[in-house]
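I have placed the structure first, in the form of structure tokens, so that the comments after it can refer back to it.
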Amino acid sequence: MHKFIFTFLIILTLLPFPGAATPAPANPYFSWKTQNQAQKAFAASNTVITTENCVFSNNNSTLRFYNGRRKAEIDDVTVWLNVAPELNKSNHQWHIATIDMDLLSLSLQSQAEKEPAPLKIVIDPGHGGSDSGAITAFKDFYEKEINLILAKQVGKILKRCGLTVIYTRKKDTTLSLAERSAIARRKKADLFVSIHANKAANTNACGMETFVLTPSGYHGTSSGSPPRGWQIGNKNDYNNNLLGYSIHKELIKLENTMDRGLKRQSFFVLRETHCPAVLIEAGFLSNKEEVARMKTSKWQAECSHKIADGIIEYCRKVNSLNKAVAAKRKSDTEANEQWQNYLAQKRDKRIKTAKVKQVDKEEIPQLAAVSEKAIQPEMATAQTQKTKYAKVNITDSKQLKEAASPDLQYISSSSIQSVATNIYLKNAESATEKKTDNAGLQTLADFYETGKVK
Ligand SMILES: [Zn+2]
């Protein structure tokens, strides 16, 4: 049921609303916000536009978009968009995808409360047991070990702040991805935080990446990630975004790190977990310099604090976000209803027109037949009259021939004249009647065709 509503809403956002008069950007597959709509959604008090970027600022933050690039910035934090913004070169207007503007503006407008909401948080140290994960550049330890160290430290901090913490594993045990999501479901968790460390073939690669689930129908951040249909995790798109942004913003404050961005990917634990979820890739084990830092207890303590700070910030903002999301869903539902009504009205009108046309098709020939029948006796009478006068004409001509005296000739002649006049008048009358009947029939047909008398 949820899945259907969501799919519908997504389709709805892809459809141009009737009456919307926005110039179409290059890619009509996506729903867009115009520059003015985006400014309004973000409550921007200042906007700076160049041919390369579009910058909105309000009292709290600054958004920077680049033409044709999915990489964007919120203040100094890198955030990967679902769709690259487009600058319409003909009218110098920017277009930002509705999905990105909705996710960003709701996250950024959430108000922090003093106390964090007392959420139940599942912390998931990635890999474990027979699944070691990546090995360090020095081949001295495995990813599963550092994931567990960080997870335990994050959990301790959260517990101290009054939050409930559940671990998917506390030891070096093997656990499938499905089991990890199932633990969150069974324990009725409010949040799922998966902790990993990165690796790459390029040993220079370094820095922090934070992942949330890709919204349904959009490409993931890594090139070649195909769009997917609706997943259970997509019901939390707004919360996922706030959670990911809150954590990533803190993580990149670590010394000597690099901001690789808040990214979007359909990882199993993100798409199959029922509650808001995030997956952190905290540094590259394949980079010798970075892993040397990651091995130190100083780094581990700082990194755990940053992750915990981000989670706590989410917990402080979640009530405000949930209210905004509920209001947005309500207005989306209303827009959905309006759209359905519009379609239903169009359909009803089509059915009505088709029905009238059908009735006319059946009735006009019937009416024509009835009218034809009514004319028949009139026509017959006219024919009889014609025959009658023709006979008189013949009799009169005969009489004329037989007349000897000029007087009789004169009398007969005027008699013929008068008879001929009578015939002429009768014929004219009958022709007029016929014409009137034909015109009547046409009017009747017009009336049924158009519903109007001409
Ligand atoms: Zn991993």
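The values are calculated or read from the model by the stated rules, or taken from the named source; none is laboratory data. Just so we're clear, the structure is a prediction, and the values are computed from it rather than from any experiment. All Cβ positions, even for glycine, are placed from backbone atoms using ideal geometry, and neighbour counts span all protein chains on display.
Here is the figure for the stretch 36-50: residues that are within 19 Å of the chain's Cα centre (by Cα) and farther than 18 Å from residue 108 by Cα total 0.
Residues checked against (1) farther than 21 Å from residue 126 by Cα; (2) within 15 Å of the ligand (Cβ to nearest atom); (3) buried (at least 21 other Cβ atoms within 10 Å of the Cβ):
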| position | (1), (2), (3) |
| --- | --- |
| 185 | no, no, no |
| 198 | no, yes, yes |
| 201 | no, no, no |
| 207 | no, no, yes |
| 223 | yes, no, no |
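Take residue 282 and tell me if it is within 23 Å of residue 200 (Cα to Cα) and within 16 Å of the ligand (Cβ to nearest atom).
Values: within 23 Å of residue 200 (Cα to Cα): yes; within 16 Å of the ligand (Cβ to nearest atom): yes.
Criteria met by residue 282.
Show me the strands (runs of 3 or more DSSP E) found entirely inside the stretch 66-126 where at least 3 residues are modelled with pLDDT of 95 or more. First the steps, then the outcome.
Numbers: elements: 71-74, 77-80, 86-88, 93-97, 120-125.
Those strands (runs of 3 or more DSSP E) span 71-74, 77-80, 120-125.
State yes or no: is residue 337 over 29 Å from residue 106 (Cα atoms), surrounded by fewer than 18 Cβ atoms within 10 Å (Cβ to Cβ), among the acidic types (Asp, Glu) and away from the ligand (no atom under 16 Å from the Cβ)? Criteria not met by residue 337.
Inspect the stretch 145-160 for any residue being more than 13 Å from the ligand (Cβ to nearest atom), more than 22 Å from residue 265 (Cα to Cα) and in contact with an Asp or Glu (Cβ under 8 Å, 6 or more places away or on another chain) and give the result as yes or no.
Taking the stretch 145-160 and keeping what is more than 13 Å from the ligand (Cβ to nearest atom), we get 149, 152-160.
Now narrow it down to the ones that are more than 22 Å from residue 265 (Cα to Cα): 149, 152-160.
Within this subset, residues satisfying the condition of being in contact with an Asp or Glu (Cβ under 8 Å, 6 or more places away or on another chain) are none.
No: zero hits.
Selection of the stretch 140-169 for residues being modelled with pLDDT of 95 or more, of a type in the set (D, E, K, R) and within 23 Å of residue 291 (Cα to Cα) yields 143, 144, 145, 152. Being in the same structural domain as residue 243 (by TED's automatic domain parsing), more than 21 Å from residue 272 (Cα to Cα) and surrounded by 15 or more Cβ atoms within 10 Å (Cβ to Cβ) is true of residue 142. Being under 39 Å from the mean Cα position of the chain (by Cα), over 18 Å from residue 285 (Cβ atoms) and within 12 Å of the ligand (Cβ to nearest atom) is a description that does not apply to residue 163. For beta carbons closer than 6 Å, sequence separation of 6+ or different chains, a first residue in the stretch 106-128 that is assigned by TED's automatic domain parsing to the domain that holds residue 172 and on the phi > 0 side of the Ramachandran plot and a second that is within 16 Å of the ligand (Cβ to nearest atom) and among the aliphatic types (A, V, I, L, M), the qualifying pairs are 128/175.
Acidic (Asp, Glu) and either surrounded by 20 or more Cβ atoms within 10 Å (Cβ to Cβ) or away from the ligand (no atom under 16 Å from the Cβ) (or both), is that true of residue 100? Yes, satisfied. Against the numbered list (1) away from the ligand (no atom under 14 Å from the Cβ); (2) without any contact (Cβ under 8 Å) to a residue 60 or more places away in the chain; (3) assigned to a loop (DSSP other than H, G, I, E, B), residue 169 comes up short only at (1).
Here is a check on your reading of the model: is residue 100 closer than 30 Å to residue 200 by Cα, in the same structural domain as residue 282 (by TED's automatic domain parsing) and charged (D, E, K, R)? Taking the combined requirement at face value, the residue does not satisfy it.
The residue list 230, 299 contains one member that is closer than 22 Å to residue 310 by Cα, aromatic (Phe, Trp, Tyr) and either over 27 Å from the mean Cα position of the chain (by Cα) or assigned by TED's automatic domain parsing to the domain that holds residue 200 (or both), which is 299. Counting the residues of the stretch 184-202 that are over 20 Å from residue 149 (Cα atoms) and either at pLDDT below 95 or out of contact with any Phe, Trp or Tyr (no Cβ under 8 Å at 6 or more places or on another chain) (or both) gives 8. Every listed requirement among (1) part of a loop (DSSP other than H, G, I, E, B); (2) within 16 Å of the ligand (Cβ to nearest atom); (3) of a type in the set (Ser, Thr, Tyr) is met by residue 216 save one, (2). Quick check on residue 243: is it assigned to a helix (DSSP H, G or I) and among the aliphatic types (A, V, I, L, M)? Taking the combined requirement at face value, the residue satisfies it.
Scanning the stretch 123-139 for residues that are away from the ligand (no atom under 11 Å from the Cβ), crowded, with 20+ Cβ neighbours inside 10 Å and within 26 Å of residue 188 (Cα to Cα) turns up just one, 123.
Among the residues of the stretch 239-255, are any farther than 26 Å from residue 116 by Cα, more than 31 Å from the chain's Cα centre (by Cα) and aliphatic (A, V, I, L, M)? No, because not a single residue in the stretch 239-255 is farther than 26 Å from residue 116 by Cα, more than 31 Å from the chain's Cα centre (by Cα) and aliphatic (A, V, I, L, M).
Of all residues in the stretch 88-124, which are closer than 18 Å to residue 41 by Cβ and of a type in the set (A, V, I, L, M, F, W, C)?
Step one: of the stretch 88-124, the residues closer than 18 Å to residue 41 by Cβ are 93-111.
The answer is 94, 96, 97, 99, 101, 103, 104, 106, 108.
Of the residues examined, residue 75 is one that is surrounded by fewer than 22 Cβ atoms within 10 Å (Cβ to Cβ) and either under 30 Å from the mean Cα position of the chain (by Cα) or of a type outside the set (Lys, Arg) (or both).
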